[in-house]
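**Student:** The following block contains the structure, expressed as structure tokens.
Derivation of every value follows stated rules applied to the coordinates shown; laboratory data play no part. Here the structure is a predicted model, which is why all the values come from computation and not from measurement. So basically every Cβ, Gly included, is an ideal-geometry build from the backbone, and we count neighbours across all protein chains shown.
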Amino acid sequence: MSRTALITGITGQDGSYLAEFLVAKGYRVHGVVRRTSVHSTGRIDHLLRERDGAIPPVETHIGDLTDPFAVHRIVQRVRPDEIYNLAAQSHVGVSFEAPLPTASVTALGALHVLEAVRATDWPIRLYQAGSSEMFGTVRETPQSETTPFAPRSPYAVAKVFAHHMTVHYRDAYGIHASNGILFNHESPRRGEQFVTRKVTKGVAEIVAGRRSTLTLGNLTARRDWGYAPEYVEAMWQMLQQPVADDFVIATGETHAVEEWVATAFSLVGLDWRGFVVTDERLRRPTEVDSLRGDARKAEAAFGWRPRTGFHGLVKLMVAADLRRVGVDPSQFPELAS
Ligand code: NAP
Ligand code: F7E
């Protein structure tokens with residue numbers, strides 16, 4: 001019998017890769033999609049179409065994580081074996097301007113999922129999407145599962161709430177619920193408001209002659225950037241463990257935003273200093289200065305290791321954005337291979 005998975009946040013970067021991954025494993029996949037005035041399923045449309053007369057591999061259900069009744073109803077209707085709670089207001093910068101909506105989805109939304117699981121009469125394995133942002137003003141480097149949290153944004157505070165609630169429901173009710181503490185992970189499907197994609201899209205548009213400058217905020221912040229499709233595999237692996245637990249997923253390398261920028265421009269033969277301008281308004285009231293993760297626990301438990309390094313990641317994202325604007329990446333020697 002094939003297993004059934006329910007993904008909240010299925011229209012997002014991770015949700016779309018996870019849905020593909022689970023479909024390939026033979027799962028019947030369901031996703032929670034909120035009602036929007038514009039088309040929001042672009043990343044998963046290929047999974048919603050019939051294939052050779054067979055029903056589409058993914059089915060969606062209208063629902064908002066801020067609505068506990070909807071969450072409960074969808075869980076009861078789908079009767080999933082596994083739930084991946086990926087829905088969130090996931091932009092750290094936006095969370096300073098929208099702390100209440102961020103808390104409603106990112107913190108309370110997770111609680112609604114936990115309550116819906118608690119109310120079921122069948123076993124469910126739950127993945128909660130935690131974040132390296134929870135480490136904030138880091139208390140040690142690298143950060144691991146035992147590093148204390150010190151959140152620096154409404155987003156991070158909301159994720160800390162969801163993390164502790166997940167641990168609490170695991171302890172109090174014996175729910176198989178695991179927290180993934182994932183460091184930044186990127187891809188050509190990354191939202192355009194996040195710095196990596198903003199830069200690779202900007203580079204492509206500059207090459208295509210559609211713009212001449214790119215405006216950014218803090219270039220000195222450092223992040224541990226990995227490749228999203230590899231990170232969703234870890235989510236699934238966590239739920240296959242006999243005992244639920246919490247795991248850091250990271251590359252173990254840290255790079256400054258400026259390095260990402262310089263690498264992206266150099267791949268197309270440009271010096272970033274001629275194109276990038278900085279704007280103080282893009283700086284956050286409080287910044288997470290430097291993150292670097294230690295994923296040795298996940299490697300020991302289920303053999304997870306990153307396969308794509310920093311340079312390879314910048315390369316594949318620049319190449320994808322060049323193709324999007326109709327430029328053949330192979331004309332640039334560094335992108336030809
Ligand atoms: P993303 O692209 O921003 O996707 C967020 C998803 O949440 C979208 O599907 C969005 O739907 C959905 N959503 C937002 N508000 C909702 C609501 N009220 N009700 C139902 N759905 C709602 O994020 P991502 O990069 O894939 O990240 C997935 C999860 O991992 C998030 O929880 C994020 O906070 C966390 N995380 C991400 C990273 C990373 O580096 N990517 C690292 C650590 C943790 P719409 O399409 O309608 O907006
Ligand atoms: O910022 C700096 C910014 O928005 C990275 C989310 O997926 O990963 C992500 O959060 C750094 C920050 O990602 C711009 O100040 C400079 O220092 O790409 P970001 P993030 O804040 O690290 C974590 C793990 C998550 O959990 C989140 O959901 O880049 N920066 N200039 C900029 N950032 C943005 N967005 N835009 C700029 O123009």
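**Student:** I'd like to know which of 320, 265, 285 lies farthest towards the positive end of the charge dipole of the range 240-337, counting +1 on Cβ of Lys and Arg and -1 on Cβ of Asp and Glu.
**Tutor:** 320
**Student:** Here is a further query. Please list, by residue number, every one of the trypsin sites (Lys or Arg not before Pro) in the range 1-84 that is coil in DSSP and has at most 13 other beta-carbon atoms within 10 Å.
**Tutor:** The qualifying sites are 25, 35, 49.
**Student:** Could you pull out the GluC sites (Glu not before Pro) across the range 106-177 that fall in loop regions by DSSP (anything but H, G, I, E, B) with no more than 12 other Cβ atoms inside 10 Å?
**Tutor:** Answer in residue order: 140.
**Student:** Further question: Are there GluC sites (Glu not before Pro) in the range 37-95 that DSSP puts in a loop and that have at most 13 other Cβ atoms within 10 Å, and which ones?
**Tutor:** 50
**Student:** Past the 23 angstrom mark, what percentage of all C-alpha to C-alpha distances in the range 75-198 do you count?
**Tutor:** Pairs farther apart than 23 Å: 34 percent.
**Student:** Simple spin-label model, 7 Å along Cα-to-Cβ: residue 266 to residue 173 in nm?
**Tutor:** About 5.1 nm separates the two model spin labels.
**Student:** Reachable lysines from residue 159, Cα under 25 Å, same-chain residues fewer than 8 places away excluded?
**Tutor:** Residue 159 reaches 198, 297.
**Student:** A follow-up question, please. Neighbouring Cβ atoms within 10 Å as the yardstick, rank 164, 30, 39, 61 fewest first.
**Tutor:** Fewest-to-most ranking of 164, 30, 39, 61: 39, 164, 61, 30.
**Student:** Given R₀ = 35 Å, FRET efficiency for residue 137-residue 73 by Cβ-Cβ distance, to 0.05?
**Tutor:** 0.30
**Student:** Let me have the relative contact order for the range 1-139, percent, based on Cα pairs under 8 Å that are six or more residues apart.
**Tutor:** 25
**Student:** To the nearest 20 Debye, how big is the dipole of the range 247-295 about its Cα centre, given +1 on the beta carbon of each Lys and Arg and -1 on that of each Asp and Glu?
**Tutor:** Its charge dipole is roughly 140 debye.
**Student:** How far is it, in nm, from the label point at residue 219 to the one at residue 296 when both lie 7 Å from their Cα along the line to the Cβ?
**Tutor:** Taking the simple label geometry, residue 219 and residue 296 are separated by 3.6 nm.
**Student:** Could you tell me which residue out of 71, 94, 84 lies farthest along the dipole of the range 44-114 toward its positive end? Charges go on the beta carbon: Lys and Arg +1, Asp and Glu -1, centred on the Cα centre.
**Tutor:** 71
**Student:** Continuing with this model, one more query. When only C-alpha pairs under 8 Å and at least 6 residues apart count, what is the relative contact order of the chain, in percent?
**Tutor:** 16 percent.
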